[in-house]
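Trainee: There's a structure below that I have some questions on.
The values are calculated or read from the model by the stated rules, or taken from the named source; none is laboratory data. Please read all numbers here as calculations on a predicted model, not as lab measurements. Cβ sites come from the backbone with ideal geometry, for glycine too, and all protein chains shown count toward neighbours. Just the protein is used for accessible areas: all its heavy atoms, side chains included, with ligands, DNA and RNA removed. Shrake-Rupley method; radii C 1.70, N 1.55, O 1.52, S 1.80 Å.
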Amino acid sequence: MKKTQTKILLVDDEPDILEIVGYNLAQEGYQIVTASNGKDAIAKAQKELPELIIMDVMMAEMDGMEACEHIRKIPELNNVIITFLTARSEDYSQVAGFDAGADDYITKPIKPKLLVSKVKALLRRLKEQEIVSDTINVGGIEINREEYKIIKGNVEIALPRKEFELFYLLASKPGKVFKRDEILDKVWGNEVVVGGRTIDVHIRKLREKIGEDLFKTIKGVGYKFEV
């Protein structure tokens with residue numbers, strides 16, 4: 001077992017889950033930090049600055065959704081990947097989780113080999129994002145991928161991670177029609193299963209925040225960014 005510098009924060013109010021998940025990931029060489037509720041998770045995340053947070057949704061004191069929203073507002077944790085660990089796999093809860101700022105879902109019951117594979121895929125995605133860090137200027141909008149910052153008309157617009165990544169993808173090639181499957185693959189990764197409405201919800205929010213006329217729906221195909 002080779003020890004790595006990659007730090008993972010596990011958050012769950014069930015000690016057995018922390019022990020099982022922590023053991024399997026520690027066997028892969030990851031540094032493991034644990035928390036038992038949302039409030040504790042925020043404090044541990046600020047102190048430890050993990051690369052990945054695996055967090056239960058339903059917890060006492062503060063649930064995973066609320067904790068995720070708090071963590072996404074902490075500048076030092078701008079690039080952390082957050083995945084929910086939950087038995088709830090319905091579309092509506094996934095959409096709510098993505099809106100709160102989550103990147104992915106891992107469903108219970110946990111299968112150790114699948115868990116390790118998922119974690120490796122998530123961390124690989126993080127490395128790919130670090131490699132492709134630059135700034136786009138299009139239609140009077142500056143998009144800084146390195147700082148996850150958008151400036152339009154000298155006003156900074158704050159977006160959750162997935163909204164930002166979707167916007168960055170579409171704006172990287174104005175006029176190009178991105179098919180729905182391509183969007184899911186590049187923004188959410190082909191290893192995550194999301195509901196069909198997820199892209200539509202994110203596009204609606206981008207229209208509200210950045211401009212109704214900038215995002216075009218190509219019926220039955222996908223979306224494009226047009227200036």
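Trainee: Check segment 48-69 and report whether any residue there is more than 16 Å from Thr86 (Cα to Cα), of a type in the set (Asp, Glu) and touching a Gly at 6+ places or on another chain (Cβ under 9 Å).
Mentor: Yes.
Trainee: If Gly38 satisfies all but one of (1) buried (at least 17 other Cβ atoms within 10 Å of the Cβ); (2) within 22 Å of Lys149 (Cβ to Cβ), what's the number of the condition it fails?
Mentor: (2)
Trainee: Have a look at Glu208, Glu156 and point out the one that is closer than 17 Å to Ala100 by Cα, modelled with pLDDT of 90 or more and exposed (fewer than 13 other Cβ atoms within 10 Å of the Cβ).
Mentor: Residue meeting the stated conditions: Glu208.
Trainee: From the list Ile136, Ile203, Ile131, which one is at pLDDT 90 or above and more than 16 Å from Gly97 (Cβ to Cβ)?
Mentor: Ile203
Trainee: Looking at Val80, Val33, Val57, can you tell me which residue is closer than 18 Å to Trp188 by Cα, among the aliphatic types (A, V, I, L, M) and either free of Cβ contacts under 8 Å to residues at least 40 places away in the same chain or surrounded by 18 or more Cβ atoms within 10 Å (Cβ to Cβ) (or both)?
Mentor: One residue alone meets the criteria, Val80.
Trainee: Something else about it: Return the residue satisfying two criteria in turn: it lies in segment 1-30 and is part of a strand (DSSP E or B) and more than 19 Å from Glu61 (Cβ to Cβ), and of such residues it is least open to solvent (accessible area, probe 1.4 Å).
Mentor: Top of the filtered list is Ile8.
Trainee: Which residue pairs have Cβ atoms closer than 9 Å, lie 6 or more positions apart in sequence or on different chains, and pair a first residue in segment 93-122 that is closer than 19 Å to Ile199 by Cα with a second residue that is part of a strand (DSSP E or B) and polar (S, T, N, Q)?
Mentor: Correct list of pairs: Ser93/Thr86; Gly97/Thr86; Ala102/Thr83; Asp103/Thr83; Asp104/Thr83; Tyr105/Thr83; Tyr105/Thr86.
Trainee: Consider Glu163 carefully, then state whether it is closer than 26 Å to Ile71 by Cβ, touching a His at 6+ places or on another chain (Cβ under 9 Å), at pLDDT 90 or above and not aromatic (Phe, Trp, Tyr).
Mentor: Here the answer is yes, as Glu163 does meet what is asked.
Trainee: May I pose another question? Condition first: at pLDDT 95 or above and among the β-branched types (Val, Ile, Thr). Now tell me which residues in segment 7-39 satisfy that.
Mentor: Residues satisfying the conditions are Ile8, Val11, Ile32, Val33, Thr34.
Trainee: Among the residues of segment 87-104, write down those that are open to solvent by 10 Å² or more (accessible area, probe 1.4 Å), at pLDDT below 75 and in a helix (DSSP H, G or I).
Mentor: Once the filter is applied, which keeps residues that are open to solvent by 10 Å² or more (accessible area, probe 1.4 Å), at pLDDT below 75 and in a helix (DSSP H, G or I), segment 87-104 yields Asp91, Tyr92, Gln94, Val95.
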